[in-house]
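Take a look at the structure below.
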Amino acid sequence: MRAKLSSEVTLASEVLVWTWRFYLRHIGVIVGLSLLPGIQRLVVVTWQEEIPSGVSMASEVAVGAVRLVLLALIVRWAFDGVETSWAQAGRFLRKHPMSLLFHLGLLGAGFVIFDLLTEKLVGAAVPESARDGYLGVLLIVKNPTVIALASVWLVGVVMQALSGGSAPRARRSERGIAAR
């Protein structure tokens, strides 16, 4: 049982290593596109009273579009040359449910640390006069780091399942993924 759990953690860890390498390989585009929602959040949170509601709503739509473009690019780059199928995903999910539980646990821990702790707990401790500024700066930092990494990571988890568990491990050393 212990060996099985260790192999599941190793399998899940491959996605984390792949995520970090992928992020670094595409850091310019990922950070660049992620800064746009971060800047929008900073502006809207900091100067919300001065921004007309129509402009605020239009900026939210633009942020959504930028995030979709970024996600599409991540998926395109990640899945390039990877053979996937729903059948492989089904087999992977039946064979490696603990790997997915590991990812869910990490995702939950990330939510607690980067949302509940930094936004809610620390945000509540910041004097009210500085709270909007704190939240704005936090969001501009989180968008190109935490949120972007989480997006790449979740694409990696899906890719690993759809490829039957081989994509992050096999592609890590391939010339194609190393050159990206």
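The values are calculated or read from the model by the stated rules, or taken from the named source; none is laboratory data. Only a predicted model underlies this, so the values are computations on that prediction, with no experimental measurement involved. Here the Cβ positions follow ideal geometry from the backbone for every residue, glycine too, while neighbour counts run over all protein chains shown. When the accessible area is computed, the model is the full protein with side chains, heavy atoms only, and any ligands, DNA or RNA have been set aside. Shrake-Rupley method; radii C 1.70, N 1.55, O 1.52, S 1.80 Å.
In table form, for the structure just shown:
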item	result
Partner aspartates and glutamates for residue 142 [C-alpha distance under 13 Å; skip if fewer than 8 residues away on the same chain]	115, 119
Rounded tilt (10° steps) of 86-95 against the dominant C-alpha axis of the chain	80 degrees
Cα centre as origin, Lys/Arg/Asp/Glu Cβ charges: the range 1-163 dipole, Debye	760 debye
Cα gyration tensor, the range 59-146 - rounded (a/c under 1.5), prolate or oblate	oblate
Within straight-line cross-link reach of residue 95, lysines at Cα separation under 22 Å, skipping those fewer than 8 residues along the same chain	4
Gyration tensor verdict on the chain (Cα atoms; rounded if a/c is under 1.5, prolate if a/b is larger than b/c, oblate otherwise)	prolate
Sulfur and carbon atoms: percent of accessible area, the chain [1.4 Å]	71 percent
Cβ charges +1 (Lys, Arg) and -1 (Asp, Glu), total dipole of the range 85-147, debye	500 debye
Length-normalised contact order of the chain in % [C-alpha pairs under 8 Å, at least 6 apart]	46 percent
Accessible area expressed per residue, the chain, with surrounding protein chains retained (probe 1.4 Å, Å²)	57 Å²
Which of 58, 96, 26, positive extreme of dipole for the chain (C-beta unit charges)	96
Charge tally in the Cβ shell below 12 Å around residue 44, where Lys, Arg are +1 and Asp, Glu are -1, residue 44 excluded	-3
